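Chemist: Structure incoming, see below.
The values are calculated or read from the model by the stated rules, or taken from the named source; none is laboratory data. The structure displayed is predicted, hence computed values, not measured ones. No Cβ is skipped: glycine too gets one built from the backbone with ideal geometry, and neighbour counts run over all protein chains shown. Accessible surface areas use protein heavy atoms only, side chains included; no ligands, DNA or RNA. Shrake-Rupley method; radii C 1.70, N 1.55, O 1.52, S 1.80 Å.
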Amino acid sequence: MAFALPRIQHLLQITRFWNLLIIAVAQYFTVAFLVDPKLLFDWHLAVLSASTMIIAAAGYIINDYYDVKIDLINKPERVVVGRGISRRYAILLHSALSTVGIMFGLVLNWKIGVMTFFSVFMLWLYSNTLKRMPFVGNFVVALLTSGSIAILWLLYPFAGKTNLAIYTLFAFFMTLVREIIKDMEDLKGDNTFGCKTLPIVWGLRRTKNLIYLLTFTFVASVFLIDGLLEPLPMLYFSAFLFAPVAWLMIRLVRADTKKDFYRLSQLCKVIMVLGIFSMALIR
């Protein structure tokens with residue numbers, strides 16, 4: 001037992017268990033409040049959620065596999081590959097999980113199977129190449145994260161597309177902002193190994209300006225949707241989304257250390273969870 005426990009801890013760490021749990025909660029909340037609560041016990045949803053979590057876990061593993069040297073500078077205390085888990089075991093686990101995730105998708109229908117295959121490929125390409133390029137890697141991660149909500153259209157084509165579009169948009173923008181902030185946090189290690197992320201190419205000031213623009217675009221989109229397409233719980237949004245986003249922007253203005261950017265990244269995650277909870281208020 002003393003030997004097995006560290007291995008379990010390392011597996012939970014390398015697959016970002018709590019992030020996987022958030023993905024599952026987001027999908028189940030979407031179905032419960034935006035699609036049809038009667039479908040919560042639908043086996044198709046369980047398989048889709050399992051597929052999404054498995055593929056995301058595989059993505060985290062391959063990302064850590066390629067980023068060992070960078071992470072030894074940026075986050076040395078969180079490095080697992082090469083320490084708690086061997087590199088060979090990590091790549092085998094990634095391959096196995098990716099295969100299972102795609103197979104689960106194919107069980108549901110060929111469209112979901114294609115999307116899961118695309119996700120696996122893009123996660124590998126991101127870890128291998130795209131994350132070292134300015135903005136492209138951030139965009140891909142945001143696209144794949146929002147895709148975990150959008151994919152429900154393929155499972156339940158009768159679902160209300162307006163509400164799903166709202167939260168797909170929310171997931172995209174908040175993930176994009178968080179990924180850019182994480183690049184600001186990891187600037188030192190990324191620069192050491194020749195990455196060309198936005199903070200390295202543009203500098204912190206111009207990168208912050210882009211985040212301000214993205215955040216304004218997101219907030220403006222919410223008001224536009226509320227006024228033209230679908231009534232939204234604006235009182236909740238104001239208290240639990242817009243206020244934290246405003247605080248995020250205020251903190252970003254003065255942020256200039258690795259610790260500052262780490263805290264902002266965690267705040268983005270909190271805002272995303274609050275956004276998931278707001279689904280319960282959509283009618």
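Chemist: Find the accessible area per residue for the range 128-238; the probe is 1.4 Å, ligands and nucleic acids are left out, and the unit is Å².
Modeler: About 45 Å² of surface per residue is accessible.
Chemist: Further question on the same structure: Between LYS69 and VAL25, with labels modelled 7 Å along Cα→Cβ, what's the label distance in nm to one decimal, could you check?
Modeler: With each label placed 7 Å out from Cα toward Cβ, I get 3.8 nm.
Chemist: Using just the helices of the chain, give the 222 nm mean residue ellipticity in deg cm²/dmol: DSSP H runs with n ≥ 4 each add -39,500 (n - 2.57), and the total is spread over all residues, rounded to 500. Please report the intermediate quantities before stating the final value.
Modeler: Values: 15 runs with 213 residues, N = 283.
One gets -24500 deg cm²/dmol as the mean residue ellipticity at 222 nm.
Chemist: With unit charges on the beta carbons (Lys and Arg positive, Asp and Glu negative) and the dipole taken about the Cα centre of the chain, which residue among LEU274, TYR28, TRP153 sits farthest to the positive side?
Modeler: Sorting the options by dipole projection puts first LEU274.
Chemist: Can you tell me the equivalent ellipsoid semi-axes for the range 115-243? Use √(5λ) from the Cα gyration tensor, largest first, whole Å.
Modeler: Semi-axis lengths for the range 115-243 are 29, 21, 9 Å.
Chemist: A further question on this structure: With springs only between Cα atoms under 10 Å apart, run a GNM on the chain and tell me which of VAL107, VAL273, VAL177 wobbles the most.
Modeler: Ranking VAL107, VAL273, VAL177 by mean-square fluctuation puts VAL107 first.
Chemist: Computed over the Cα atoms of the range 5-51, what is the ratio Rg over Rh, Rh following Kirkwood?
Modeler: With Rh from the inverse mean 1/r over Cα pairs, Rg/Rh is 1.13.
Chemist: Here is a further query. What dipole magnitude, in Debye to the nearest 20, does the chain give about its Cα centre under +1 on Lys/Arg Cβ and -1 on Asp/Glu Cβ?
Modeler: 680 debye
Chemist: How big is the equivalent ellipsoid of the range 1-145 along its three axes, where each semi-axis is √(5λ) from the Cα gyration tensor, reported in whole Å from largest to smallest? Walk me through the intermediate numbers first.
Modeler: Values: eigenvalues 150, 70, 42 Å².
Value: 27, 19, 14 Å, ordered largest first.
Chemist: How big is the range 55-139 on each of its three principal axes, counting only the C-alpha atoms and giving the largest first in Å?
Modeler: 43, 31, 15
Chemist: Something else: Kindly provide log₁₀ I(q)/I(0) values, in the same order as q = 0.13 Å⁻¹, from the Debye equation applied to equal alpha-carbon scatterers of the range 96-165.
Modeler: Ignoring solvent entirely, the Cα scatterers give -0.43.
Chemist: Could I ask something else about it? Work the Kirkwood hydrodynamic radius out for the range 1-80: mean of 1/r over every pair of different alpha-carbon atoms, inverted, in Å. It would help to have the intermediate numbers written out before the result.
Modeler: Values: mean 1/r = 0.0693 Å⁻¹.
Final number for the Kirkwood radius of the range 1-80 is 14.4 Å.
Chemist: Which of the residue pairs LYS75/LYS259; LYS111/LYS131; LYS131/LYS161; LYS131/LYS269 have a Cα-Cα distance greater than 22 Å in the structure shown?
Modeler: Over 22 Å apart, Cα to Cα: LYS111/LYS131; LYS131/LYS161.
Chemist: Please label the shape of the range 89-137 as rounded, prolate or oblate, based on the square roots a ≥ b ≥ c of the eigenvalues of the alpha-carbon gyration tensor (a/c under 1.5 means rounded; beyond that, a/b larger than b/c means prolate, else oblate).
Modeler: The shape class here is oblate.
Chemist: Ratio of Rg to Rh for the range 129-184, alpha carbon only, Kirkwood?
Modeler: 1.08
Chemist: Classify the chain as rounded, prolate or oblate from the Cα gyration tensor: take a ≥ b ≥ c as the square roots of its eigenvalues, call it rounded if a/c is under 1.5, otherwise prolate when a/b beats b/c and oblate if not.
Modeler: Oblate.
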